[in-house]
Amino acid sequence: MRKDATTNFLLLLIAIALIAIAVRPYLAPDPVHAQSDSPYPFYIEPGTKMLRAPDGSQQVYGRVVVDMRTGKVWGFPTFSTDAYPVNLTDSKPRTSHPFVLGKFAFEDTDK
C-alpha cells in the first residue's frame, strides 16, 4: 500500500513538472529578434565590375563591397572577371587588398 502512494506521488510530481514546462512559453514567451547585429554587415555586389580608384591610380576588375555601418564602398581587385582573386602563374591562393571607391551618406536619409 505504501508503494502505491509513493508511485502516485512521483507520477503527480512528473505531471506537474510537464505542465509547467508546457505552459511557460505561453506565460513568458522568449523575445524574437528579427534583425540581429551581424558581425560583418556588408553588402557584396554580385558579379565583377571594372573598378576605378578615385585618384586614377588603378583600374582593375574586382568585387564591390558596401560597409552598411559606415557607407564606405570598397573595391576588392580580382584582376580578372572571376569572382575571386586568381593568379594563374602561382599555385598559392592570392589575397585581394581593398581600396576605397567612395561613400554613401546613409546619415542623410533621416533628414
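The values are calculated or read from the model by the stated rules, or taken from the named source; none is laboratory data. Note that this is a predicted model, so its numbers are computed, not measured. No Cβ is skipped: glycine too gets one built from the backbone with ideal geometry, and neighbour counts run over all protein chains shown. The accessibility values were calculated without ligands, DNA or RNA, using every heavy atom of the protein model including side chains. Shrake-Rupley method; radii C 1.70, N 1.55, O 1.52, S 1.80 Å.
Of note:
- Number of positions in segment 53-67 that are out of contact with any Leu (no Cβ under 8 Å at 6 or more places or on another chain) and either open to solvent by 40 Å² or more (accessible area, probe 1.4 Å) or under 17 Å from A83 (Cα atoms) (or both): 6
- Of all the numbered requirements in (1) within 26 Å of D108 (Cα to Cα); (2) open to solvent by 90 Å² or more (accessible area, probe 1.4 Å); (3) of a type outside the set (A, V, I, L, M, F, W, C), G75 misses one, and that requirement is (2).
- From the list I44, I14, the lone residue that is of a type in the set (V, I, T) and under 30 Å from T109 (Cα atoms) is I44.
- Members of segment 84-99 that are open to solvent by 60 Å² or more (accessible area, probe 1.4 Å) and of a type in the set (A, V, I, L, M, F, W, C): L88
- Segment 55-93, residues that are free of Cβ contacts under 8 Å to residues at least 24 places away in the same chain, more than 18 Å from I44 (Cβ to Cβ) and assigned to a loop (DSSP other than H, G, I, E, B): D55, G56, S57, N87, L88, T89, D90, S91, K92, P93
- Test: residue in segment 30-44 that is in a loop (DSSP other than H, G, I, E, B), open to solvent by less than 70 Å² (accessible area, probe 1.4 Å) and not aromatic (F, W, Y): yes
- Pick from segment 1-47, criterion of a type in the set (G, A, S) and under 30 Å from F76 (Cα atoms), ranking: modelled with the highest pLDDT: G47
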